[in-house]
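The values are calculated or read from the model by the stated rules, or taken from the named source; none is laboratory data. On a predicted model such as this, the values are computed, not experimentally measured, just so you know. With ideal geometry, Cβ positions are generated from the backbone for all residues, glycine too; neighbour counts draw on all protein chains shown.
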Amino acid sequence: MTTLFVNRLTVVDCSLLSPSHGLVGESWQVDVELDGDLDCQGMVLDFGEVKRSIKRMIDDGFDHKLLVPARYTGLRIAEYPEGLHLSFEAENGLGIAHRSPRDALRLIPCERIAPDGLAQIIGDYVLPRTPDNVDAVRIRLWSEPIDGAFYRYSHGLKHHDGNCQRIAHGHRSRLEILRNGRRDRDLEQAWAEAWSDIYIGTREDLIGTSMRDDTDYLEFGYRSTQGSFGLTLPTAACYLIDGDSTVENIAQHIAERLKAEHPEDDFKVYAYEGVDKGAVGVA
């Protein structure tokens, strides 16, 4: 028996429903190990095939989806013609409603989604789809070490050609703010705290408001190429911007807000979208 490994095979950018935090954006880097007998090439599996097929399995199965703890007692699921409608009540009594095609979410057989448990589920999903000589697949999910401010956000981009159009997918993202050419860690931390576990919504996608148990809610909805999407969240968990909530617009929005608050200063904002990618806003 031989073990093959590939570190940082991919990044799973997703959102999840958390009993304690509500809707949460995450970015997990993925390491993979495969145990098996050597094939006719003297390999467990060619590295190129790992990067093609196994990466594709993980991306297609879990990336840019809403991950849902299917055994959580505060979850209710109903079918509708285009997919599934979820009602989720967090431990603090606040509600979340989500409506989407089935491919935009994945039901995870657990009460709470945690990296170790999800890694085992991903490994169990991948193993039957590997060649017969592979006997075991082990997955490790881990968060990027960040020295400084970061925030977790969810969003949806209705104009996107791919899976970013799904109304609730997300990222764990660092934030760097240069004020007159120098890092301002206090501003970075202030924005990260304000946007902790936030939904960055496009104002155009806001289709309604409501109140339940003295809590204000916002309802978002749109139709895109993958189907009809809807999301209702507590107003306090949302932040509205003009234009689509792309990382380019997010970076520029932060820079312009800072410039308005401190007109005598110049700002350059590096907003990340998950790991090692993002955009720069200048004002």
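Values computed for the structure shown
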quantity	calculated
Conditions (1) over 16 Å from CYS14 (Cβ atoms); (2) touching a residue at least 12 places away in the same chain (Cβ under 8 Å); (3) out of contact with any strand residue (DSSP E or B) (no Cβ under 6 Å at 6 or more places or on another chain); (4) hydrophobic (A, V, I, L, M, F, W, C): number failed by VAL50	(3)
Flag if ILE96 is under 28 Å from ALA236 (Cβ atoms) and either crowded, with 17+ Cβ neighbours inside 10 Å or not small (Gly, Ala, Ser) (or both)	yes
Flag for TYR239 being surrounded by fewer than 20 Cβ atoms within 10 Å (Cβ to Cβ), more than 17 Å from LEU84 (Cα to Cα) and of a type in the set (Phe, Trp, Tyr)	yes
Options GLY243, GLY221, GLY227, GLY201; residue that is small (Gly, Ala, Ser) and over 20 Å from LEU66 (Cα atoms)	GLY243
Residue check, THR215 polar (S, T, N, Q) and in contact (Cβ under 8 Å) with a residue 40 or more places away in the chain	yes
Tally, over the stretch 124-143, of residues that are touching a Pro at 6+ places or on another chain (Cβ under 6 Å) and within 18 Å of ARG52 (Cα to Cα)	0
Selected residue [in contact (Cβ under 8 Å) with a residue 40 or more places away in the chain, farther than 22 Å from GLY83 by Cβ and touching a helix residue (DSSP H, G or I) at 6+ places or on another chain (Cβ under 9 Å)] from PHE229, PHE220, PHE150	PHE150
Any hit, the stretch 38-45, residues being within 30 Å of ARG76 (Cα to Cα) and of a type in the set (Gly, Ala, Ser)	no
Selection count where residues are among the β-branched types (Val, Ile, Thr), modelled with pLDDT under 95 and under 19 Å from the mean Cα position of the chain (by Cα), scope the stretch 104-163	0
Which listed residue, of LYS55, LYS51, is within 18 Å of LEU127 (Cβ to Cβ) and either surrounded by 16 or more Cβ atoms within 10 Å (Cβ to Cβ) or aliphatic (A, V, I, L, M) (or both)	LYS55
Subset of the stretch 157-198 [more than 19 Å from LYS277 (Cα to Cα), basic (Lys, Arg) and in contact (Cβ under 8 Å) with a residue 60 or more places away in the chain]	LYS158, ARG166, ARG179
